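**Student:** I have a structure I would like to understand better, so I am pasting it below and will then ask my questions one at a time.
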Amino acid sequence: MLCELKERERAGIINPIFTCQPCGAQFVSIGVKDCIGIVHGGQGCVMFVRLLISQHLKESFEIASSSVHESGAVFGACGRVEEAVDVLLMRYPDVKVVPIISTCLTEVIGDDIDGVVRKLNEGLLPEKYPGREVHLIPIHTPSFVGSMVTGYDIAVRDFVSHFATKTEPNGKLNLITGWVNPGDVTALKHLLAEMDIDATVLFEIESFDSPLMPDGNHVSHGNTTIEDLIGTANALGTLALNRYEGGKAAEYLANEFDIPTIIGPTPIGIRNTDTFLHNLRTLTGKPIPHALVRERGLAIDALTDLTHMFFADKRVAIYGNPDLVIGLAQFCLDLEMKPMVLLLGDDNPNYKNDPRIKEMQDNVDFPMEIIANADFWELEDRIKNRGLELDLILGHSKGRFISIDYGIPMVRVGFPTYDRAGLYRHPVVGYAGATWLAEQMANTLFTDMEHKKVREWSLNVW
Ligand code: SF4
């Protein structure tokens, strides 16, 4: 088999690709309206995650910490959660949803956040805040298993399972976007609107591309409401775009409420966007309008100008969130490129059953490695010591030093991307995303050829 799925064999991580589970849970919580999460752990578990998300989205938003100190680490810190909830509710009278997100420390010392939530529901809330709607949701995200991706998946499931309540059918579609940018949400909403589909877009962060208004600074928040979450049990179907970022919630809704469900594929590139539209049609019965056929045609026209002439046989390395990496790899293959190395930053045992990976293993006709539980050294070592030659790197900003040190052009994509302007605004999903991505890759290759004084390119009249 030319395409191998393997695990990092070396002990220890050198320059991790991902951060930990609580980060994913925090990213989910910012997508909910009237919600501020409390991260139960040391302050750093919030401070650096919040910084990362802020650097990426260039917006300000709020997340709290129970701020566990030495005494709590030794004797238990459930009292810190009780105090944190009380302070939060006093200070923010509009807050209705408070996820309690555990961390490695508080999971190791065995703090019972489910028990704290029961205690607060029976004591503090009815006694001090009678009549106020408050939902406390324990979310277990120890950092010694999984990654920020599994943390996202768990948190989506826990929010949905907390609220989903069967009443009357609402005729809406649940769309679980996964870990995307505001620009992706805009692009997805555009496709839904063109198909005249009424959808609940879950953990919706479009407004994290916020305006600066004359009346002052804007604190960003998500747009998914409590009513949206309750209504997920009454939808006509669920479409989860990503297998590893929302798949658990989609399975929960299917198992618990018998809701027709489709998981994936991530709509990156033409063929996956085609499948996405077909899946929308399957779940809603709505036809695909001519306007989207035309949009598709424009994207294919743009790609045709680039594919064979510039992309063919270009060797690419891709790293980041697994659904994104696999979607980008499929897109690169469609563009006649050679994704030589895919780096998936955690050890999810389900990768070997992923049909997209199996399809690549069945069809790829050049040596390709897919490395689970990977770090950046897996890539650097191959370039530095094992003769891997690359034309392009696709990934988030944390891997930029490999690009800089080895002179390999790079397109920033994924999370976090903080060293290029405005990337959160541009979609990578849908036909618009396919066009934007391909043109970014092409322009990056063109700029590189100029810097390296490639004669054929300098004389080109394309
Ligand atoms: S690894 Fe543990 S201590 Fe560090 S940020 Fe994650 S949860 Fe907090």
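The values are calculated or read from the model by the stated rules, or taken from the named source; none is laboratory data. It should be emphasised that the depicted structure is a prediction, and the values quoted were computed from it without experimental measurement. Note: ideal-geometry Cβ built from the backbone for every residue, glycine included; neighbour counts use all protein chains shown.
**Student:** Identify, from the list VAL49, VAL68, VAL28, VAL108, the residue that is over 30 Å from ARG356 (Cβ atoms) and surrounded by 14 or more Cβ atoms within 10 Å (Cβ to Cβ).
**Tutor:** VAL68
**Student:** Quick check on my filter: what residues within region 364-394 are surrounded by 17 or more Cβ atoms within 10 Å (Cβ to Cβ) and on the phi > 0 side of the Ramachandran plot?
**Tutor:** The answer is ASN373, and nothing else.
**Student:** A further question on this structure: Give, as residue ranges, the helices (runs of 4 or more DSSP H) completely inside region 1-98 that count at least 1 residues that are under 30 Å from LEU423 (Cα atoms) and either away from the ligand (no atom under 16 Å from the Cβ) or modelled with pLDDT under 95 (or both).
**Tutor:** Because the criterion is at least 1 residues that are under 30 Å from LEU423 (Cα atoms) and either away from the ligand (no atom under 16 Å from the Cβ) or modelled with pLDDT under 95 (or both), the helices (runs of 4 or more DSSP H) in region 1-98 that meet it are 44-57.
**Student:** What are the residues in region 405-428 that are surrounded by 20 or more Cβ atoms within 10 Å (Cβ to Cβ) and either charged (D, E, K, R) or at positive phi (or both), if any?
**Tutor:** Matches in region 405-428: ARG412, GLY414.
**Student:** Same structure, new question: Just checking, how many residues over region 115-150 are part of a helix (DSSP H, G or I), closer than 22 Å to ARG50 by Cα and either aliphatic (A, V, I, L, M) or without any contact (Cβ under 8 Å) to a residue 60 or more places away in the chain (or both)?
**Tutor:** 2
**Student:** If you scan region 423-445, which residues turn out to be without any contact (Cβ under 8 Å) to a residue 60 or more places away in the chain and farther than 19 Å from LEU324 by Cα?
**Tutor:** Those that are without any contact (Cβ under 8 Å) to a residue 60 or more places away in the chain and farther than 19 Å from LEU324 by Cα: ASN443, THR444.
**Student:** Another question, then. Among the candidates ILE139, ILE113, ILE154, ILE109, which residue alone is within 16 Å of the ligand (Cβ to nearest atom) and more than 27 Å from the chain's Cα centre (by Cα)?
**Tutor:** Just a single option satisfies the conditions, and that option is ILE109.
**Student:** Could you identify the single residue in THR261, THR284, THR275, THR304 that is free of Cβ contacts under 8 Å to residues at least 60 places away in the same chain and more than 23 Å from the chain's Cα centre (by Cα)?
**Tutor:** Only one candidate passes the filter, namely THR304.
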